[in-house]
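Below is one structure, written out as C-alpha cells; comments come after it.
Quick note: the coordinates plus some simple rules give every number you see, no bench work behind them. Keep in mind it's a predicted model, so treat the numbers as computed, not measured. Heads up, the Cβs are rebuilt from the backbone with ideal geometry, glycines too, and the neighbour counts pull from every protein chain shown.
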Amino acid sequence: MSNSNGRDALDAKHERNREQRITGIKRWVEYIRTHSPDDWGEQQNRLINSQLESARQSDIDAEQRRRIEDAGRDFSK
C-alpha cells in the first residue's frame, strides 16, 4: 500500500469518526429537547464526574488537572 492509499484510508476513517460524533451530538440535542433536565441532568453529572475521576487517576501534570477540574465546575453550573 502506498503512502497516498494509507493517507486516504486514514482520512476516510477520520471522516467516519467525525460523522459518528455529529450523529451522537444530534441525538443528545434531541434527547435534551424532549426530556426534562431532571431526566438528563443526572446522566450529565455522572459523565462529567467519571471524566474527572479518570483525570485524577491518570498521570497528568497539575496544570492539566486544574484545567479539567475547572471545566467540570463550569459544566456543573
**Request:** Of the options Pro37, Ile68, Ser54, report the single residue whose Cα projects farthest towards the positive end of the charge dipole of segment 36-77 (beta-carbon charges: Lys, Arg +1; Asp, Glu -1).
**Result:** Ile68
**Request:** Using a/c under 1.5 as the rounded threshold, could you call segment 36-77 rounded, prolate or oblate? The axes a ≥ b ≥ c are square roots of the C-alpha gyration tensor eigenvalues, and prolate needs a/b larger than b/c, oblate otherwise.
**Result:** oblate
**Summed side-chain charge close to Leu10 - residues other than Leu10 whose Cβ falls under 14 Å, Lys, Arg +1, Asp, Glu -1** = +1
**Fill in**
Diffing segment 49-59: the Karplus 3J(HN,Hα) column from phi (6.51, -1.76, 1.60, θ = phi - 60°), in whole Hz with x for Gly and Pro, holds 4, 5, 5, 5, 5, 4, 5, 5, 8, 8, 8
**Request:** Read phi for every residue in segment 25-39 and hand back ³J(HN,Hα) as whole Hz from Karplus 6.51 cos²θ - 1.76 cosθ + 1.60, θ = phi - 60°, with x for Gly and Pro.
**Result:** 5, 4, 4, 5, 4, 4, 4, 6, 6, 9, 10, 6, x, 4, 6
